[in-house]
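Remarks on the structure that follows.
The values are calculated or read from the model by the stated rules, or taken from the named source; none is laboratory data. Fair warning: this is a prediction, and the values are worked out from it, not measured in the lab. Neighbour counts are summed over all protein chains in view; Cβ atoms, including those assigned to glycine, are modelled from backbone coordinates with ideal geometry. Only protein heavy atoms, including side chains, enter the accessible area calculation; ligands, DNA and RNA are left aside. Shrake-Rupley method; radii C 1.70, N 1.55, O 1.52, S 1.80 Å.
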Amino acid sequence: MTTVDILEARHPVRGVKRRQVSLPSISRQHYMPYLLPLAIVLLWQLASSAGWISDRIMPSPLKVVAAFSEVAASGQLAHDVAVSGARALSGLLIGGSIGFLLGIANGVSKLSEQLTDTTLQMLRTIPHLAMIPLVILWFGIGEEAKLFLTSLGVLFPVYLNTYHGVRNVDRDLIEMGRIYGMSGWSLFRKVIFPGALPSIFVGLRYALGIMWLTLIVSESIAASSGIGHMANTAREFMMTDVVVLSLVIYAVLGKLADVIARALERWALSWNAAYQG
Amino acid sequence: MPIGPYQQPLAFVAEGGEVDNYRVAEPRPRPEPAGLKLRDIEKRFGDNRVLRGIDLDVPAGQFIAIVGKSGCGKSTLLRLLVGLDTQSEGEITFHDRGGQPIVPNARIVFQEPRLLPWFDVADNVVVGLGEGAPKSEARRLAEEALAEVQLAEKARAWPSQLSGGQRQRVALARALVSRPGLLALDEPLGALDALTRISMQTLLTRVWRELGFSAVLVTHDVAEAVHLADRVIVLDEGRIKLDLEIPHPHPRKRGDPQLAELEGRFLSAILGD
């Protein structure tokens, strides 16, 4: 046990050292990422106040804040955010589920892979936004159009990463599982799915980006509610501040979705050294 | 998957011959060690005859080591014994101490620990109980098995937080938790550093003497084979070249001149000089 003891004896020492160094750097970790956005906003405000940028082109941050409180007070903002959020989520749910199930099926079953993978790879190469004219012809400008586009956009990154994750689960672990009597569902639940999970999360986070992108585009083109609609209406009335506000809201929502996905990832992958601490 | 001893549902045979699935009464039954009888075993991969004419009798409870150069067929032989592969010809049978045929509960430990990184240490050991073990009971048995390999305090740790030697001890606990009658060891210490290896050898000897299973160790380290086993078999190009008992009592002293002399004999048999 000599080596083990030496290792264990060294551990506390290392732990203390690390803590001393990392205490100040933890708080730094928290504020550092926001320094740059803050500086940009300050500079932007300065430029607007000094009259370097016309309000018609780019309203000052304070004006955007004013627009925010105005739209928020009327209840319009909450409504539009809720509508957009619901669209985004249902698109993610539908497209993500289809992509996930196909990814699992093709990762596990050779037959399923031979049947569908080539088709999916072909469909994947079509930019899904190129289908907007067709989608409008099919669905008009109703909810279905946006749901269809978002689902389609989200499907492929989730599919590819799930498939890749399942395919790359350590063969030795699968052999081990079989040796200890696992098969079918239990092998999937205990070995294959957790093994594929890191890759599935990559797919999810990638899909979140595509989800917002698709939603913004489809709401700007054809919608009677939602943030994209708000921006478009504002454009018609030359309300630059509201247009900028809607961009800010998209940024905040996008960041929020990513934060949630990352928290989920950290929680689900706490076993993985890369996500510890 | 070939059908072999592995696929047998895990069952504990209580006294009186009744099969008691997981409802294990205290104290836990000692495993019934499995004796082996191999007759004229041949294994081919395509045109390549990896094993030929292997005849081997291993009494129940014996610890044998199989040594030989890489590619001599020793790992293949081990995979046959635990049913991970099927022989092309010949017959493998298992028997208890009284010579009665049995279906052994066989387990294997590989060179890599093959732990599930997303299960904590105790849940990895629970895997060794097979499917359908009741959760709380399984966890308790796992913690017992971890105590046997001196890792009780790591039950809730992730495998990634352990050292290589500790991981291999978890793999050993996983193999032992179901009280196997036959434990196959495929270079289990091959990836460990020299000091960890010595402590693992001591541990292996201890659990083997406590639990009394039959053990088949495949190794390229002749000193290790001589230190651990009751009997060492040299495989050369798929045949048994030398088969010698090592009568020294356990635990053995390192650097014993008689053992060193034996080690020399095995080495020259392997190297063919």
* Could you count how many residues in region A:50-75 are open to solvent by 70 Å² or more (accessible area, probe 1.4 Å) and outside any helix (DSSP H, G or I)? -> 4
* Kindly indicate whether B:ALA133 is part of a loop (DSSP other than H, G, I, E, B), more than 17 Å from A:TYR180 (Cβ to Cβ) and more than 21 Å from the chain's Cα centre (by Cα). => no
* Asked: Right, B:ILE102: within 19 Å of the chain's Cα centre (by Cα), more than 14 Å from chain A (Cβ to nearest Cβ) and surrounded by 16 or more Cβ atoms within 10 Å (Cβ to Cβ) or not?
  -> yes
* Within region A:178-189, can one find any residue that is away from chain B (no Cβ under 14 Å) and touching a residue at least 60 places away in the same chain (Cβ under 8 Å)? -> no
* **Filtered residue count, region B:60-103, keeping only those that are in a loop (DSSP other than H, G, I, E, B) and either without any contact (Cβ under 8 Å) to a residue 12 or more places away in the chain or in contact with a Ser or Thr (Cβ under 8 Å, 6 or more places away or on another chain) (or both)** => 7
* What do you reckon, is B:GLY90 assigned by TED's automatic domain parsing to the domain that holds B:THR76 and at positive phi? -> yes
* Please state which of the following conditions A:PRO37 fails to meet, knowing it meets all the rest: (1) of a type outside the set (Val, Ile, Thr); (2) free of Cβ contacts under 8 Å to residues at least 12 places away in the same chain; (3) assigned by TED's automatic domain parsing to the domain that holds A:ARG235. => (3)
* **Within region B:112-148, tally of residues that are within 13 Å of chain A (Cβ to nearest Cβ), at pLDDT below 90 and open to solvent by 30 Å² or more (accessible area, probe 1.4 Å)** => 2
* Output the residue which, of all residues in region B:156-165 that are part of a loop (DSSP other than H, G, I, E, B) and surrounded by 19 or more Cβ atoms within 10 Å (Cβ to Cβ), is farthest from the other protein chains (Cβ to nearest Cβ). => B:LEU162
* Asked: Counting only residues that are in a loop (DSSP other than H, G, I, E, B) and not hydrophobic (A, V, I, L, M, F, W, C), which one in region A:134-188 is least open to solvent (accessible area, probe 1.4 Å)?
  -> A:TYR180
* Asked: For B:SER268, are the conditions met, namely being hydroxyl-bearing (Ser, Thr, Tyr) and free of Cβ contacts under 8 Å to residues at least 24 places away in the same chain?
  -> yes
